[in-house]
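The values are calculated or read from the model by the stated rules, or taken from the named source; none is laboratory data. In this text the structure is predicted, and so the values were computed from the model without any measurement. Cβ: placed from backbone, ideal geometry, glycine included. Neighbour counts: every protein chain shown. Quick note on the areas: whole protein, heavy atoms, side chains included, nothing else; ligands and nucleic acids left out. Shrake-Rupley method; radii C 1.70, N 1.55, O 1.52, S 1.80 Å.
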Protein chains: 2
Amino acid sequence: MQADIITIGDEILIGQIVDTNSAYIASALNEIGIRVRTIVSVSDTEEAIVQALDRSIDGAEVVILTGGLGPTKDDITKKCLRDYFGGEYVVDPEAMVYVGKLCERRGIQLSERNRFQAMVPDSCRTLRNRSGSAPGMLFRKEGSIIVSLPGVSFEMKDIMDQELIPLLKKELKLPVRLHKTILTCGIPESTAADKLAAFEESLPEYAGLAYLPSPGILRLRISVTGDNKDYLEHQLKEFTQEISSALGEKFVFGYDQESLPAVVGSLLLKGNFHIAVAESCTGGSIAQMITSVPGSSAYLKGSVTAYANETKVNVLKVSKKIMDEFGAVSREVVEQMAVGVREVLKADFAIATSGIAGPDGGTPGKPVGTVWIAIASPEGVQARKFDFGDNRERNIIIASVTALNMMRNRIVEYHENSV
Amino acid sequence: MQADIITIGDEILIGQIVDTNSAYIASALNEIGIRVRTIVSVSDTEEAIVQALDRSIDGAEVVILTGGLGPTKDDITKKCLRDYFGGEYVVDPEAMVYVGKLCERRGIQLSERNRFQAMVPDSCRTLRNRSGSAPGMLFRKEGSIIVSLPGVSFEMKDIMDQELIPLLKKELKLPVRLHKTILTCGIPESTAADKLAAFEESLPEYAGLAYLPSPGILRLRISVTGDNKDYLEHQLKEFTQEISSALGEKFVFGYDQESLPAVVGSLLLKGNFHIAVAESCTGGSIAQMITSVPGSSAYLKGSVTAYANETKVNVLKVSKKIMDEFGAVSREVVEQMAVGVREVLKADFAIATSGIAGPDGGTPGKPVGTVWIAIASPEGVQARKFDFGDNRERNIIIASVTALNMMRNRIVEYHENSV
């Protein structure tokens with residue numbers, strides 16, 4: 001079962017807006033076992049829309065169009081669909097009630113344009129839009145189902161969830177398709193590929209593995225397709241287990257929609273622990289990741305971005321002598337930063353970073369990309385040195401997620417030691 | 001002049017990631033006068049890639065592909081392009097140096113897989129990738145230029161900006177198309193539109209104005225197209241002047257590629273001033289924005305994310321009595337935070353934020369979205385209250401940029417007072 005998604009609108013083609021609707025639709029279709037073949041964005045002209053429709057109906061059993069349905073733009077898409085599928089305009093009663101109420105609320109007379117908003121070609125079946133005036137329109141041609149949805153995200157989502165997905169599940173014979181995403185930090189893509197080479201070789205045809213890298217984080221998505229849901233669920237569990245074991249729990253921090261700062265957060269909550277952060281080269285990025293999690297105020301005491309050396313000495317109680325002797329980017333200083341911020345902010349665990357983010361500041365002995373990360377805990381302090389390369393932005397992100405993953409491992413160890 | 005953009009990768013088709021690369025590429029092409037006809041996402045199979053290429057080369061003078069260039073098995077783009085355009089694999093020397101250094105840094109042996117990363121078909125011209133191993137590849141066929149770029153965003157952007165756009169401008173006969181982007185903070189889109197209504201009405205046909213809103217920042221892009229470069233440059237300058245005057249310098253913080261933290265940074269450098277930050281609800285986000293600017297260590301003393309109230313008292317010297325009396329989200333506390341961090345970190349200027357980012361923690365008197373921002377300077381401290389709405393993520397960003405813009409205005413005033 002294959003689907004195509006067509007988004008209509010010049011605002012996407014000039015790069016003014018990012019097309020997020022397609023990802024939502026693709027994900028919803030994929031979840032019920034419909035594979036998306038192509039996502040295409042075309043201009044809001046009749047020629048472009050008709051060409052896209054022709055191509056999609058040739059091969060895709062489901063075609064979903066979005067966009068081009070605003071009160072000014074919708075004329076083009078709707079007229080185009082009427083010409084393409086035939087039929088006469090008729091009033092959709094539910095849509096007319098909605099438009100009438102809208103005009104009443106705004107205290108305006110129902111105009112011709114408003115009335116046209118509530119009209120659809122009688123060649124379609126409408127899908128109710130509970131949060132806007134333009135209903136979804138479902139047409140059929142050459143064995144394909146073609147659906148036009150509004151471009152406004154929450155209206156599109158509402159019709160997808162409430163109307164279209166239930167209809168497709170009922171009408172189409174869909175295979176079962178399941179996914180699991182394994183989230184890792186600290187393992188390069190090529191190393192993971194080497195470790196999983198034998199596993200990948202042994203995968204049966206109904207399963208597939210995809211590598212989804214981003215700075216510092218590598219996601220591995222395993223997918224299975226078939227008829228027997230119980231069997232597939234069991235197999236997916238096995239495969240997930242195998243991947244996790246092959247990579248090791250030091251690297252695997254979670255699954256699916258989990259995030260690294262949220263995982264660290266739940267570990268802290270579980271032990272009723274508090275955390276503090278002292279950042280130099282990461283410049284607030286770790287604090288920002290931690291506080292991106294709602295409820296993080298329950299475990300974050302605070303963070304000090306100690307960019308100036310005097311801040312490291314005055315606030316974090318790093319010894320000036322040690323700083324002068326070893327330099328700010330050193331094991332000695334980063335350890336003192338971690339211990340210092342843990343004490344000053346009265347936390348159980350603390351992270352500290354000190355490094356050279358670049359582009360300037362590197363020396364032959366300490367090139368750009370050199371980063372020291374320390375973790376302080378009730379059991380002491382440990383530091384590690386890394387080399388993250390010479391792109392400043394990337395550097396800061398990788399250093400931050402690496403530090404969070406070290407923190408995660410430290411808390412897990414501490415839990416284990418306490419048992 | 002028409003272009004097509006092809007993104008390759010199942011992760012887009014299953015809706016796991018949103019395709020942001022295409023918007024970037026579309027916007028960059030549009031800026032130099034190349035119209036994007038179609039953006040299409042296809043599966044990473046040879047059949048899908050070849051079909052997309054065939055369709056694009058038929059009608060588009062420029063075809064840009066992204067994605068599918070990582071080092072693992074599911075990345076078959078390169079093989080597919082070799083089959084499509086012919087040629088033999090050869091080593092790209094620059095890429096090999098990059099891969100070699102990467103392996104050396106990670107202390108791993110150069111594997112066959114690593115070596116293949118640095119190889120390209122000899123039927124292409126390579127475009128240098130300064131921040132990754134896979135170079136861009138430029139092919140020619142039937143009068144079209146076909147370019148393959150890595151899917152990793154910052155690598156793609158780097159090659160687009162540094163290599164491809166200059167090459168296309170040089171090689172293609174493009175009309176003169178000039179742009180100026182006016183960057184504003186603190187002015188809502190509808191207010192800006194009202195203020196610019198008369199100006200927009202008076203714009204000649206060769207000029208256009210686009211509103212590009214993002215949380216807290218509204219960019220206004222004025223574009224002119226024609227043949228006479230000198231005339232267009234002169235007109236663009238006039239239009240830019242008119243827009244800036246209509247909006248006011250409190251809101252206009254810069255132009256084109258400038259960033260708000262960089263503008264604040266240059267003002268600080270100019271006066272040899274130092275800054276400190278105390279963040280509560282923004283959770284490190286302001287520090288992160290400031291430190292995203294290379295060289296920010298010259299003026300940032302540091303930042304304290306004081307999430308816990310005791311951190312506000314212990315580190316920032318906020319009076320416990322004031323805190324108990326007025327609550328953490330209050331004019332009194334945010335002013336003490338700004339004054340405190342300015343003193344503790346020995347800075348000239350300081351920013352402080354305290355608010356309710358959400359989703360929890362709101363009360364009828366202080367709903368989610370309530371944010372106090374204070375600016376401390378050698379001349380005293382001032383605070384303002386805002387209501388940024390109920391989306392946590394958006395809230396944090398708007399509060400951070402608003403605080404930076406208040407800082408900018410404060411430094412400008414201080415400069416003026418000193419003259």
Return yes when B:GLY216 is touching a residue at least 24 places away in the same chain (Cβ under 8 Å) and farther than 15 Å from B:ARG177 by Cβ and no when it is not.
-> yes
Only one of (1) under 29 Å from A:SER377 (Cβ atoms); (2) under 25 Å from the mean Cα position of the chain (by Cα) fails for A:ARG221. Which number is that?
-> (1)
Could you tell me whether any residue of region A:157-167 is at pLDDT 95 or above, surrounded by 15 or more Cβ atoms within 10 Å (Cβ to Cβ), more than 14 Å from every other protein chain (Cβ to nearest Cβ) and within 21 Å of the chain's Cα centre (by Cα)?
-> no
Please enumerate the residues belonging to region A:260-275 that are farther than 16 Å from A:ASN409 by Cα and either assigned to a helix (DSSP H, G or I) or within 8 Å of another protein chain (Cβ to nearest Cβ) (or both).
-> none
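Which of the following residues is in contact with a His (Cβ under 7 Å, 6 or more places away or on another chain), outside any strand (DSSP E or B) and assigned by TED's automatic domain parsing to the domain that holds B:LEU268: B:ALA357, B:ALA347?
After applying the criteria, what remains is B:ALA347.
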In this structure, does B:LEU65 turn out to be in contact with a helix residue (DSSP H, G or I) (Cβ under 9 Å, 6 or more places away or on another chain) and part of a helix (DSSP H, G or I)?
-> no
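Could you name every one of the strands (runs of 3 or more DSSP E) located completely within region B:69-165 that has at least 1 residues being closer than 30 Å to B:MET1 by Cβ and in the same structural domain as B:ASN30 (by TED's automatic domain parsing)?
Answer list for region B:69-165: B:119-121, B:125-127, B:136-141, B:144-149.
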Take the residues in region B:356-366 that are of a type in the set (Gly, Ala, Ser) and surrounded by fewer than 17 Cβ atoms within 10 Å (Cβ to Cβ), then tell me which one is farthest from the chain's Cα centre (by Cα).
-> B:GLY365
Which of the residues that make up region B:378-414 are open to solvent by 20 Å² or more (accessible area, probe 1.4 Å) and touching a Lys or Arg at 6+ places or on another chain (Cβ under 8 Å)?
-> B:GLN382, B:LYS385, B:PHE388, B:MET406, B:ASN409
Say we look at region A:321-343 and pick out the residues that are touching a helix residue (DSSP H, G or I) at 6+ places or on another chain (Cβ under 9 Å) and of a type in the set (A, V, I, L, M, F, W, C); which of these is farthest from A:VAL304 (Cα to Cα)?
-> A:PHE326
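I need a count of the residues in region A:294-334 that are under 27 Å from the mean Cα position of the chain (by Cα) and more than 24 Å from A:PHE386 (Cβ to Cβ).
7
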If you take the residues of region B:304-332 that are touching a Leu at 6+ places or on another chain (Cβ under 8 Å) and in contact (Cβ under 8 Å) with a residue 12 or more places away in the chain, which of them is farthest from B:THR370 (Cα to Cα)?
-> B:VAL315
Number of the exception - B:LEU65 against (1) touching a Pro at 6+ places or on another chain (Cβ under 8 Å); (2) in contact (Cβ under 8 Å) with a residue 40 or more places away in the chain | (1)
Among (1) over 17 Å from B:ALA278 (Cβ atoms); (2) open to solvent by less than 50 Å² (accessible area, probe 1.4 Å); (3) basic (Lys, Arg), the one test that A:LYS270 misses = (2)
Check whether at least one residue in region B:53-70 is open to solvent by less than 40 Å² (accessible area, probe 1.4 Å) and among the acidic types (Asp, Glu), and report yes or no.
-> no
Have a look at A:GLU189, A:GLU249, A:GLU233, A:GLU205 and point out the one that is of a type in the set (Asp, Glu) and crowded, with 16+ Cβ neighbours inside 10 Å.
-> A:GLU189
Could you figure out which of (1) modelled with pLDDT under 95; (2) part of a helix (DSSP H, G or I); (3) of a type in the set (Gly, Ala, Ser) isn't true of B:SER223?
-> (2)
Which residue out of A:PHE154, A:PHE199, A:PHE139 is open to solvent by 60 Å² or more (accessible area, probe 1.4 Å) and of a type in the set (Phe, Trp, Tyr)?
-> A:PHE154
Yes or no: A:SER280 under 23 Å from the mean Cα position of the chain (by Cα), surrounded by 15 or more Cβ atoms within 10 Å (Cβ to Cβ) and either modelled with pLDDT of 95 or more or within 11 Å of chain B (Cβ to nearest Cβ) (or both)?
-> no
With (1) within 22 Å of the chain's Cα centre (by Cα); (2) within 18 Å of A:ALA118 (Cα to Cα) as the list, and A:ARG82 as the residue in question, which single condition is left unmet?
-> (1)
Hey, can you tell me all the residues within region A:283-293 that are in a loop (DSSP other than H, G, I, E, B) and within 20 Å of the chain's Cα centre (by Cα)?
-> A:SER292, A:VAL293
Restricting the search to region B:330-376, which residues are within 20 Å of B:SER319 (Cα to Cα) and of a type in the set (Ser, Thr, Tyr)?
-> B:SER330, B:THR353, B:SER354
Any idea which of B:SER27, B:SER41 is under 25 Å from A:THR45 (Cβ atoms) and touching a helix residue (DSSP H, G or I) at 6+ places or on another chain (Cβ under 6 Å)?
-> B:SER41
Single residue of B:PRO359, B:PRO364 found to be more than 29 Å from B:GLU343 (Cα to Cα) and away from chain A (no Cβ under 11 Å) = B:PRO364
From the set of residues in region A:11-35 that are more than 9 Å from chain B (Cβ to nearest Cβ) and assigned to a helix (DSSP H, G or I), which is most open to solvent (accessible area, probe 1.4 Å)?
-> A:GLU11
Result of the Cβ filter at 8 Å on region A:167-188, keeping first residues that are within 28 Å of A:GLY143 (Cβ to Cβ) and partners that are open to solvent by 50 Å² or more (accessible area, probe 1.4 Å) and part of a loop (DSSP other than H, G, I, E, B), at least 6 apart or interchain, is A:LEU172/A:MET1; A:LEU172/A:GLU61; A:LYS173/A:MET1; A:LEU174/A:MET1; A:PRO175/A:MET1; A:PRO175/A:ASP227; A:VAL176/A:ASP227; A:VAL176/A:ASN228
Restricting region A:367-377 to residues that are within 14 Å of another protein chain (Cβ to nearest Cβ) and buried (at least 20 other Cβ atoms within 10 Å of the Cβ), the residue that is nearest to A:THR282 (Cα to Cα) = A:VAL371
Selected residue (criterion: most open to solvent (accessible area, probe 1.4 Å)) from residues of region B:288-339 that are within 23 Å of B:ASN272 (Cβ to Cβ) and away from chain A (no Cβ under 14 Å) = B:VAL339
Among the residues listed as B:SER144, B:SER131, the single one being polar (S, T, N, Q), crowded, with 17+ Cβ neighbours inside 10 Å and modelled with pLDDT of 95 or more | B:SER144
